[in-house]
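Below is one structure, written out as structure tokens; the observations come after it.
Taken together, the values in this text are just the output of simple stated rules run on the coordinates, not laboratory data. Quantities reported herein were computed from a predicted structural model and do not represent experimental measurements. Cβ placement follows ideal geometry from the backbone for every residue including glycine, while neighbour counts extend to all protein chains displayed.
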Amino acid sequence: MKLIKVSSLIMIILISLSLAGCSRYNDDSLIADKRLNSIISALEKKDAEALKSMFSKEAMKEADNIDYEIEYVMQFFDGKIISQDGNTSSSEQMGAGGKQRKIRGSYIIKTDVDIYNIFFIEKRNTGVPDENGLYAFHMIKYSKGIETFYWMNKRVNFAGVLSSNPEILEPEDYINGNIRIFDNQDNTDLKSLFSKNAVSKTSNLDKNINNATELYQGKMTSFNELNSSVETVGDNVILTSNITIDNEINK
């Protein structure tokens with residue numbers, strides 16, 4: 001009898017925790033969707049001040065050139081919304097000021113002109129009002145395909161608006177992005193890294209790519225850039241790097 005009571009109690013606790021998790025996820029999704037709709041409205045109306053007003057005081061303090069970046073985004077976005085689809089994730093931690101929650105939204109937005117990938121971070125803090133609001137925002141054309149990977153390194157730690165101006169990408173961003181493409185084990189994406197000239201002049205490229213993906217296992221945890229060089233030849237910028245990669249299985 002006692003065993004049955006204990007088992008029932010454990011089951012009730014597990015169900016309660018599961019329901020609490022579902023409720024919190026639904027709340028986060030609603031918060032993210034509401035923020036996305038506000039962002040889209042500002043983009044469609046080309047209302048730079050409306051977008052700027054969404055950022056928290058913390059983000060405004062930490063952001064670089066936010067007015068310039070917002071104007072860049074306003075010119076970058078075009079069309080009226082046809083559809084939107086995405087997902088959210090969140091994390092929570094206790095700090096000196098109270099409970100801090102980060103809600104991350106990643107959406108694919110289709111307009112009558114183009115398709116965009118929008119990523120943002122919303123912060124909520126029970127003890128520090130200055131942290132409440134939009135913390136980070138990034139948008140890139142979805143049609144750019146693998147270029148999204150090159151921005152992932154920048155997305156890790158930034159405040160304000162991260163425009164999609166390729167001039168701010170650094171060599172390590174390209175290295176990080178290429179490794180992440182390897183992580184995905186997608187031979188089509190890997191092949192798209194090569195120029196048309198390289199594809200036409202390389203024999204057995206598909207076979208070599210397949211061999212490379214079979215050799216590479218796991219997901220990257222870190223990489224060490226042993227040496228690299230950047231060279232400009234005509235209109236081309238050539239990046240050469242020698243790196244070691246630590247992942248979940250091998251180095």
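In what sequence, highest mean first, do 165-178, 121-134 appear when ranked by Cβ atoms within 10 angstrom?
Those peptides, ordered most packed to least, come out 121-134, 165-178.
Give me the extension gain from Leu30 to Tyr72: residue separation times 0.36 nm, minus the current Cα-Cα distance, reported in nm with one decimal.
Roughly 12.3 nm would be gained on extension.
So which of Lys141/Lys196; Lys80/Lys102; Lys52/Lys123 end up more than 18 Å apart by C-alpha?
Numbers: Lys141/Lys196 22 Å; Lys80/Lys102 29 Å; Lys52/Lys123 15 Å.
Long pairs (Cα-Cα over 18 Å): Lys141/Lys196; Lys80/Lys102.
What nm distance separates the two modelled labels at Ile168 and Ser89, each placed 7 Å from Cα along Cα→Cβ?
2.2
Quick check on packing: order 104-112, 86-94 by the mean number of other C-beta atoms within 10 Å, highest mean leading. Let's see the in-between values first.
On the way: 104-112: 17.2, 86-94: 12.9.
Ranking the peptides 104-112, 86-94 by packing returns 104-112, 86-94.
Quick one: what Rg and Dmax do you get for the range 130-204 from the alpha carbons, in Å?
Rg, Dmax (Cα atoms, Å): 15.2, 58.
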